[in-house]
Amino acid sequence: KVARMHSTLALLAAAAAVALPSSLGFSFSPGVPALGLRAGRVAPQATRSAPRFAKAAPTLRMSGGSVTKDAQWALLFDCDGVIVETEELHRLAYNGAFKELGCTVDGKQVEWIPKYYDVLQNTVGGGKPKMKWSFGNEGWPDSTLGPAPSSEEGQNKLVDDLQDAKTVIYVKIVTEVASARPGVLEMMDAVLGRADIASGICSAATKGGFDQVVNSVVGKDRLGKLDVVMAGDDVPRKKPDPIIYILASEKIGVPPERCVVVEDSLVGLRAAKAAGMKCIITYTDSTSDQDFYGEGADAVVPDLGKITLADVFDPLFAGKNTVLEGIREAAKVAK
């Protein structure tokens, strides 16, 4: 699978006139120890509070074919890592953007290796915040735009240009290699047939890449039946800030305590729990060692192929307050 991915990426890189990394091991790695990270630490700009969004509401791309009539509960999916396991694709696309814009620190090409990207994705939500956080800790790079920017305006310009370049590369990659994780489309189809359970997708991803993923993998027919679809651009703050889930709850008219979120990372889990929602974790290879129960997860399972919609909601409709009891994985014993 990895060989196929990189064969595809080589073709895409040529088409995009950028040089992507040819292997999963890179010579330059920002110093992970220098970040001062600990398990469970939230990025400095992130917040676990749940402030109400008092200013102008974001643009929500709503569906028109939902069968939901009188929703008693809601099921909300994250996208990256939940619907599609895309984190490696994101990482490669960022590295392609860094290469395209000639980003270097102390003369060394900026490249995010898998271990470092795992730290980022479990610490900061959203692409631009990831870059700002990384550059803020490791040093802002020189680039084709000029020397390392010192002003906020210059830093924003560099990050914006990098994000634009990354999105172009990412869209090309996704078109070729992205596929749904086990069980997610079956779970989505099941909830779309229920009039008493609202459904939606709430992603921290930028719209360009997000739209490509959901259109290619979820499909426009399913998207048209969802009650709410929101990307990171639709809200002023990215996960782990809970604002995206708070707004989704308000839009579908289901209180947070009756919403169940499916996430794959600590960042998403923190957003869901800060919003007052239940959260099921379907972990990936890069997040499997995280202490999800320690951060408040209601259930942890390898993927949605291991459970059904009835497993999740029948006990809740019956008045129980537990999720996937007897099915979920047990908490890990500290070594």
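Any chance segment 115-135 includes a residue that's touching a strand residue (DSSP E or B) at 6+ places or on another chain (Cβ under 7 Å), surrounded by 18 or more Cβ atoms within 10 Å (Cβ to Cβ) and not in a helix (DSSP H, G or I)? The answer is no, given that none of the residues of segment 115-135 is touching a strand residue (DSSP E or B) at 6+ places or on another chain (Cβ under 7 Å), surrounded by 18 or more Cβ atoms within 10 Å (Cβ to Cβ) and not in a helix (DSSP H, G or I). Would you check if I244 is in contact with a Cys (Cβ under 8 Å, 6 or more places away or on another chain), within 19 Å of V82 (Cα to Cα) and open to solvent by less than 20 Å² (accessible area, probe 1.4 Å)? Spelling it out, I244 is indeed in contact with a Cys (Cβ under 8 Å, 6 or more places away or on another chain), within 19 Å of V82 (Cα to Cα) and open to solvent by less than 20 Å² (accessible area, probe 1.4 Å). Taken over segment 179-205, residues that are surrounded by fewer than 20 Cβ atoms within 10 Å (Cβ to Cβ) and within 30 Å of S134 (Cβ to Cβ) amount to 2.
Restricting attention to segment 274-321 and to residues that are hydroxyl-bearing (S, T, Y) and open to solvent by 10 Å² or more (accessible area, probe 1.4 Å), the residue that is farthest from the chain's Cα centre (by Cα) turns out to be T308. If you check V214 against the conditions, is it in a helix (DSSP H, G or I), at pLDDT below 95 and within 26 Å of A71 (Cα to Cα)? Spelling it out, V214 is indeed in a helix (DSSP H, G or I), at pLDDT below 95 and within 26 Å of A71 (Cα to Cα).
Cβ-Cβ below 8 Å, separation at least six or inter-chain, first residue in segment 147-162 and open to solvent by 60 Å² or more (accessible area, probe 1.4 Å), second not in a helix (DSSP H, G or I): which pairs? Every condition considered, the pairs that remain are S150/W140; K157/L145; K157/P149. Considering (1) of a type in the set (D, E); (2) in contact with an Asp or Glu (Cβ under 7 Å, 6 or more places away or on another chain); (3) open to solvent by 10 Å² or more (accessible area, probe 1.4 Å), the lone condition that D264 does not fulfil carries the number (3). Could you go through segment 258-268 and let me know if any residue there is more than 24 Å from T308 (Cβ to Cβ) and among the small types (G, A, S). Scanning segment 258-268, I find no residue that is more than 24 Å from T308 (Cβ to Cβ) and among the small types (G, A, S), so the answer is no. Across segment 296-315, the qualifying residues are those that are among the acidic types (D, E) and without any contact (Cβ under 8 Å) to a residue 24 or more places away in the chain, and the one among them that is nearest to V82 (Cα to Cα) is D311.
Residues that are surrounded by fewer than 22 Cβ atoms within 10 Å (Cβ to Cβ), of a type outside the set (D, E), modelled with pLDDT of 95 or more and part of a loop (DSSP other than H, G, I, E, B) within segment 61-113 comprise A71, Q72, L101, G102, G107, I113, listed in sequence order. Taking the stated definitions as given, is R270 among the basic types (K, R) and either crowded, with 24+ Cβ neighbours inside 10 Å or closer than 12 Å to F77 by Cα (or both)? Yes, satisfied.
Output the qualifying pairs, or none if there are none: Cβ atoms under 7 angstrom, residues six or more apart or on different chains, first residue in segment 213-234 and over 16 Å from S249 (Cα atoms) and open to solvent by 10 Å² or more (accessible area, probe 1.4 Å), second residue at pLDDT 95 or above and part of a loop (DSSP other than H, G, I, E, B). The qualifying pairs are V217/I83.
The values are calculated or read from the model by the stated rules, or taken from the named source; none is laboratory data. Bear in mind that the values here come from a model prediction, so they are computed numbers and not experimental data. Backbone-built Cβ (ideal geometry, glycine too); neighbour counts: all protein chains shown. Side chains included, ligands, DNA and RNA excluded: accessible areas come from the protein's heavy atoms. Shrake-Rupley method; radii C 1.70, N 1.55, O 1.52, S 1.80 Å.
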